[in-house]
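Okay, so here's the structure we're looking at.
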Amino acid sequence: FEAPLRAFQVLGLTTRSVRRTIPFVGRDEELSTLRETFQRVAATGGPSLVTIVGEAGSGKSRLADELFAGLDQSVAVLHGHAQVPAGSASFAPVAAIVRQLASIDDDDPPEQVAERLRELVDGCCDPTETERVAAGLGLTLGLAEPRLDESAFVQDVQSGFLRLVDGLSAGLPIVLAFEDVHELASPMLDLIERLVSSRHRGPALVLALAR
């Protein structure tokens, strides 16, 4: 270029800000079903689970993205990717969501991670449960050594995440999207089912994408 150009640094992308340049065709009925399900969740104040099954490359993620793009900006969309973090691989999707909510980076020191977890829990849960819920979530980020009793470890993580979701959905509906569900471990699959197993839980739409 002959003259200097003004540049802008990209600091981050969200589902709503990603440009969808390829036309979305052939999925109007499925998208309508997802939108109606979300509207029912918001109206009834209860949770719902939708499983999207299809071969690799069939457009499962694109379908979910189209739903997210049409939601109000006030609706939190939480992405549980099955990438292995520093903590427990069994609950990698939980770790991904917690990192998203608490703005935690891979190179953050443990003390800073613990503080951000407490701030996250303080902002949406009962203050008397802050330490217990934050400790359970911290297990997925490697803040403590896994316990010898695997059942206790699983229970603490599941309980902490359920409390967090209950707190987040107390005010507005939320959406949780879990990809590659067919690859998840049994404790994580059980947790996904528990997210919608009680009518007393808040308005949360849970999407499970699988092959």
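The values are calculated or read from the model by the stated rules, or taken from the named source; none is laboratory data. These numbers come from a predicted model, not from an experiment. Cβ atoms come from the backbone with ideal geometry, glycine included; neighbour counts cover every protein chain shown. Heads up: the accessible areas ignore ligands, DNA and RNA and are worked out on the full protein's heavy atoms, side chains in. Shrake-Rupley method; radii C 1.70, N 1.55, O 1.52, S 1.80 Å.
Look at the alpha carbon pairs under 8 Å that are at least 6 residues apart: their mean separation over the length of the stretch 30-103 gives a relative contact order of 21 percent. If you take all other residues with their beta carbon under 13 Å from the beta carbon of A177, and give Lys and Arg +1 and Asp and Glu -1, the sum is -2.
Taking all protein chains as present, what is the carbon and sulfur share of the accessible area of the chain, in % to the nearest whole number, probe 1.4 Å?
After summing per-atom areas, the C and S share lands at 50 percent.
For the chain, modelled as a GNM whose springs connect Cα atoms under 10 angstrom apart, the maximal fluctuation among G160, G136, G123 occurs at G123.
Largest GNM mean-square fluctuation among G138, G57, G46, using the chain with Cα springs under 10 Å: G57.
Sorting S197, S159, S169 by solvent-accessible area of protein heavy atoms yields S197, S159, S169, largest first, with a 1.4 Å probe. The fraction of all Cα pairs in the stretch 123-193 landing in successive 10 Å bins from 0 to the largest distance is 18, 46, 32, 4, given as whole percents. Suppose all protein chains stay in the model; what accessible area per residue would a 1.4 Å probe give for the chain, in Å²? In whole numbers, the chain has 57 Å² accessible per residue. Charge tally for R99 (other residues, Cβ to Cβ under 10 Å; Lys, Arg +1; Asp, Glu -1): -2.
How much accessible surface area, in Å² rounded to 10, belongs to the heavy atoms of L189 with a 1.4 Å probe? Roughly 60 Å² of L189 is accessible to a 1.4 Å probe.
Candidate values (i) 18.3, 66; (ii) 17.8, 62; (iii) 37.8, 148 were compared with Rg and Dmax of the Cα atoms in Å computed on the shown model; the agreeing label is (i). Each of F8, F178, F1, F38 has its accessible area taken with a 1.4 Å probe; listed largest first, they run F1, F8, F38, F178. Cα-based values for the stretch 92-211, radius of gyration first and Dmax second, are 13.9, 41 Å.
Scan the chain and hand back the longest stretch that contains none of the GluC sites (Glu not before Pro) lying in DSSP loops with at most 14 other Cβ atoms within 10 Å. Counting only loop sites that pass the neighbour cut-off, the longest clear stretch is 56-211.
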